Amino acid sequence: MNQVCPVFKKEFFGYFRSPVGYVILAVFIMLLTGLAFFTGFYESNTANLDTLWNFLPWIFMVFIPATGMRLWAEEKRSGSIELLFTLPISITSAVVGKFLAAWLFISLGIVLTFPMAITTGYLGNPDWGIIMAGYFGSVLMAGSYLAISSVCSAMTQNQVISFVLSVLICFAVTLMGSDILLSILGGLPSGLLDFIGNFSFYIHFQTITRGLIEMSALSFFGLLTIASLAINIVILKRQS
Amino acid sequence: MVTVENLIKDYGAIRAVDGVSFKVNKGDILGFLGPNGAGKSTTMKVISGYLAPTSGTASVDGFDVQEHPLEVKKRIGYLPESNAAYPEMTVLEFLTYVAEARGYRSKEDINDRLADVIVKCHLKKVQNQSIETLSKGYRQRVGVAQAILHDPPVLILDEPTDGLDPNQKHEVRKLISNMAQDKAIVLSTHILEEVEALCNRVIIIDQGKKVIDETPEELKARDPKLKMDEIFRELTNRNVYV
């Protein structure tokens, strides 16, 4: 497992070796804070970051597949995967190393929205516990989106296919349990709707941003991430 | 050091390697010859642990590739045919990554290994350039550098002199033969004079099957009137027009 470190380092600093990493980060932060400002960050007159968190799952849906699409697809297309897997690095270490690197990169993007939190603290008297819970929930949820993207990336050597596929899946898991879907499925029995809602990223994330760090949300994101990474490992093993 | 027994590898319905067996001992430089698509690269990929064989075994230093992949990979330096590195990395960054992945942790050890291969492969001039800006010859030398970085007992080199000019070819051959005493080396090539100059054993495979396994002298002695590449053509050309 101590072989995770070289992969992690190579991958994380890789985001900053080309302009792509900077562009993704800049667009993410501008989009997220911009949307929060224009949808009532000030007008709501409440000292919290709800306007920020509202859009986060929808922005993650595009931003995280864009970050994760290269993880495996690029190695396969260029052939460098052959080098990676003839170094004494197990598939598990490589999957974990790459995942952690991309996760840290995304977390960096999330943390860089801190001026919003500072603004809130300057203008009002927010509950810092709830704000921290929101950041914690964001990072946790990002892990699950990323693990899904990593699986999609391992399935193809084409980054575009990997991107589109993971956006589709991320879209589906975000939409589940949202008001839009519920109104379309209005005719179904409520027990079934609740069941569908249990798989929604949106609903679990909302619970956390309200300051409730529940076991159900923690285990949902945690297990989903671990399960996706396990699938990722199996896919790569089968390809050798 | 390297033992391959009855190796079979299928890609879907296509049989790329069909029952190849051979042994490479310390001090051997084994030249792997064969037309394109004969199964040379596939065999090398199986030995290096990148591909799993359909059946048969490959082992290095007594460790089976399937059962102890990491032990095998530690003992092998491998130059892939694609020789793909990470284009945005500089030569130093790339070699540092390989050194860390090979288990070197302290700064001194890493610098020590890097200095050694940079001298051996003549990379001093380009060490701070990103790999995408390098010429094919330099890229190939970076590939050789990463393969010999941990001074492995076994070297698997897939077309090590491909894309080099005659001077560079000479350099790489010199490098390989200097290392040969205490290593087992397998290299594939299309250049028959290279086999003559470098190898003490030749294996020709054609359509996945081993055709011959002998010394270059024996190969030449098959028909003293012919040149080596004519003998090669005779041995491997049979099915081209069928």
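The values are calculated or read from the model by the stated rules, or taken from the named source; none is laboratory data. A quick note: this is a predicted structure, and the numbers were derived from the prediction, not measured. FYI the Cβ positions are ideal-geometry reconstructions off the backbone, even for glycines, and counts take in every protein chain you see.
Of the conditions (1) part of a helix (DSSP H, G or I); (2) surrounded by fewer than 19 Cβ atoms within 10 Å (Cβ to Cβ); (3) away from every other protein chain (no Cβ under 14 Å); (4) touching a helix residue (DSSP H, G or I) at 6+ places or on another chain (Cβ under 7 Å), A:Gly134 fails just one. Which one is it? All conditions are met except number (2).
Between a residue in segment B:195-224 that is under 24 Å from B:Glu5 (Cβ atoms) and any residue that is hydroxyl-bearing (Ser, Thr, Tyr) and assigned to a strand (DSSP E or B), which pairs come within a Cβ distance under 8 Å, given they are 6 or more apart or on different chains? Close Cβ pairs satisfying both conditions: B:Lys210/B:Ser21.
For B:Gly37, the stated conditions hold: it is without any contact (Cβ under 8 Å) to a residue 60 or more places away in the chain and over 26 Å from B:Gly103 (Cβ atoms). Just to verify a result, which residue in segment A:24-50, among those that are modelled with pLDDT under 85, closer than 22 Å to A:Gly129 by Cα and among the hydroxyl-bearing types (Ser, Thr, Tyr), is surrounded by the most Cβ atoms within 10 Å (Cβ to Cβ)? This residue is A:Thr46. The set of residues from segment A:96-124 being more than 22 Å from A:Ala73 (Cα to Cα), β-branched (Val, Ile, Thr), modelled with pLDDT of 90 or more and buried (at least 18 other Cβ atoms within 10 Å of the Cβ) comprises A:Ile110, A:Thr113.
Confirm whether B:Leu157 is among the hydrophobic types (A, V, I, L, M, F, W, C), within 22 Å of the chain's Cα centre (by Cα), within 14 Å of another protein chain (Cβ to nearest Cβ) and outside any helix (DSSP H, G or I).
yes
Applying the criterion of being assigned to a loop (DSSP other than H, G, I, E, B) and among the basic types (Lys, Arg) to the residues of segment B:86-114, the residue that is farthest from the other protein chains (Cβ to nearest Cβ) is B:Arg105. Listed here are the helices (runs of 4 or more DSSP H) enclosed by segment A:163-237 that have at least 3 residues being closer than 30 Å to A:Ser93 by Cα: A:201-209. Would you check if A:Phe60 is in a helix (DSSP H, G or I) and aromatic (Phe, Trp, Tyr)? Judged against the criteria, A:Phe60 is a match. Within the span defined as segment A:203-217, every residue fails to be of a type outside the set (Asp, Glu), touching a residue at least 40 places away in the same chain (Cβ under 8 Å) and within 30 Å of A:Glu75 (Cβ to Cβ).
Of the numbered criteria (1) facing chain A (nearest Cβ under 7 Å); (2) acidic (Asp, Glu); (3) over 24 Å from A:Pro6 (Cα atoms), the one B:Asp64 fails is (1). Taken across segment A:68-81, residues that are part of a helix (DSSP H, G or I), among the polar types (S, T, N, Q), crowded, with 18+ Cβ neighbours inside 10 Å and without any contact (Cβ under 8 Å) to a residue 60 or more places away in the chain do occur, with at least one present. How many residues does segment A:46-57 hold that are among the β-branched types (Val, Ile, Thr) and outside any helix (DSSP H, G or I)? The number of residues fulfilling the criteria is 1.
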